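All remarks here apply to the structure that follows.
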Amino acid sequence: MGPFSRCLSILIYHRVIAEPDPLLSGEVCAKEFDWQLRVLGRWFRVLPLGEAVARLRDGTLPVRAACVTFDDGYADNVTAALPILRRHGLPATFFLATAFIDGGRMWNDTVIETVRRAPGNTLDARSVGLDTLGIATPDLRRRVIDRLLAALKYLPMEERQRRAGELSAAAACELPSGLMMTTEQVRQLHRSGMQIGAHTVNHPILAKLDPERAGNEIRESRAWLEAITGASVNLFAYPNGKPGLDYRREHVDMVKDLGFEAAVSTARGVAQAASDPFQLPRFTPWDRTPGKFLLRLMQTTFHTGAERV
Ligand SMILES: [Zn+2]
């Protein structure tokens with residue numbers, strides 16, 4: 001691979017929140033997303049992921065090519081991110097976990113919103129295998145969220161969901177039900193020319209499932225999205241997405257055998273012609289100023305050779 005081989009930077013986002021939120025410090029707010037797109041639009045050729053993958057394969061990728069992707073299916077992708085994308089005239093691809101559409105809530109949000117709303121200075125976390133945790137300050141609440149998410153993430157899917165539910169029941173607080181997109185919002189995204197990709201039904205760690213269930217998770221999420229949009233869905237994102245830890249070779253083969261055109265992981269790096277199109281790496285520039293954000297984008301284009309299984 002010579003120094004002039006073309007690179008594809010695929011950015012990954014989850015939420016675009018209306019205002020900065022100390023309990024969601026890893027998410028961008030609308031204002032940040034706006035200037036990030038301004039920087040991207042000025043310095044990069046931003047392509048739909050499907051087109052970028054095809055051009056990577058054909059050797060016709062433009063210099064400084066980039067894609068914008070979103071995982072999970074948060075409603076704020078439509079209410080906050082979509083208007084900003086349209087204002088900048090940039091495309092994006094949205095990978096949706098279909099079980100949560102129309103009022104569902106992912107287990108991690110049950111945890112986050114429970115800790116946000118729990119009354120008093122302590123939280124009973126015995127359902128998660130932890131003790132009583134101090135939540136007197138916003139900073140403590142943020143740290144408690146990190147501990148709880150880490151304790152639950154790799155439990156079997158049903159147990160993870162159940163324990164998160166028990167945590168919120170013990171705290172006796174009302175949780176939001178409008179965090180994820182509605183069916184109509186999925187259609188709206190598609191009608192706006194945005195690309196829709198599959199991200200399983202229940203967002204399991206695929207590596208923790210038996211092969212039949214893993215295959216069903218991938219297949220059924222695509223079938224649902226195709227029925228809703230009336231268009232074919234050819235792109236897939238592995239839940240959590242760490243090669244070897246969250247998915248294995250057999251899942252890559254499943255995605256390929258099911259006829260998808262490409263898939264993205266969360267291995268950090270940029271894609272090149274030699275990259276596996278079914279394990280394209282992504283990254284999130286976390287810098288909070290436009291200059292540093294651009295610098296990191298430019299530097300990351302030298303970080304190739306991403307992990308794969
Ligand atoms: Zn996800």
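The values are calculated or read from the model by the stated rules, or taken from the named source; none is laboratory data. Given the structure is predicted, the values throughout are model-derived calculations rather than measurements. Here Cβ is always computed from backbone atoms with ideal geometry, including for glycine, and neighbour counts include all displayed protein chains. Accessible surface is based on the protein model in full, side chains and every heavy atom, while ligands, DNA and RNA are left aside. Shrake-Rupley method; radii C 1.70, N 1.55, O 1.52, S 1.80 Å.
Solvent-accessible surface of protein heavy atoms, probed at 1.4 angstrom with all chains present, puts LYS256, LYS31 in the order LYS31, LYS256, largest first. What you get for the range 174-248, charging only the Cβ of Lys and Arg (+1) and of Asp and Glu (-1), is a dipole of about 220 debye around the Cα centre. Could you tell me which of rounded, prolate or oblate describes the range 150-309, using a ≥ b ≥ c as the square roots of the eigenvalues of the alpha-carbon gyration tensor, with rounded for a/c under 1.5 and, failing that, prolate when a/b is larger than b/c and oblate otherwise? The shape class here is rounded. When you restrict to C-alpha pairs under 8 Å that are six or more residues apart and normalise by the size of the chain, the relative contact order lands at 20 percent. What 222 nm value per residue comes from the helices of the chain, counting each DSSP H run with n ≥ 4 as -39,500 (n - 2.57) and dividing by all residues, nearest 500 deg cm²/dmol? It comes out at -12000 deg cm²/dmol, rounded to the nearest 500.
Of all beta bridges that DSSP places with both ends in the chain, some 15 percent have antiparallel geometry.
Close Lys pairs in the chain (alpha-carbon distance under 27 Å; sequence gap of 8 or more, or different chains): 8. Eigen-decomposition of the gyration tensor built on the alpha-carbon atoms of the range 34-170 gives equivalent ellipsoid semi-axes of 39, 17, 14 angstrom, largest listed first. Along the axis of the charge dipole computed for the range 56-156 (Cβ charges of +1 for Lys and Arg, -1 for Asp and Glu, origin at the Cα centre), the listed residues ALA81, VAL128, LEU148 are led at the positive end by ALA81.
Using the Cβ-Cβ distance between ASP131 and GLU158 with R0 = 25 Å, the FRET efficiency computed as 1/(1 + (r/R0)^6) comes to roughly 0.55. Solvent-accessible surface of the chain, averaged per residue with a 1.4 angstrom probe and all protein chains in place: 43 square angstrom. Taking a ≥ b ≥ c as the square roots of the eigenvalues of the Cα gyration tensor, an a/c ratio of 1.5 or more together with a/b no larger than b/c marks the range 148-205 as oblate.
Length available on full extension from GLU19 to ALA223: 0.36 nm per residue minus the Cα-Cα distance, which gives 70.0 nm. Amide H contacts of TYR13 (H built 1.01 Å from N, in plane; Pro and chain starts excluded): THR69, PHE70, ASP71 sit under 5 Å, all sequence-distant by 5 or more or on other chains. Our coupling estimate for the range 73-81, obtained by passing each phi through the Karplus curve with A = 6.51, B = -1.76, C = 1.60 and θ = phi - 60°, is x, 5, 4, 5, 4, 8, 6, 9, 6 Hz, Gly and Pro reported as x.
When a 1.4 Å probe is rolled over the protein heavy atoms, the share of accessible surface on the chain that falls to carbon and sulfur comes to 52 percent.
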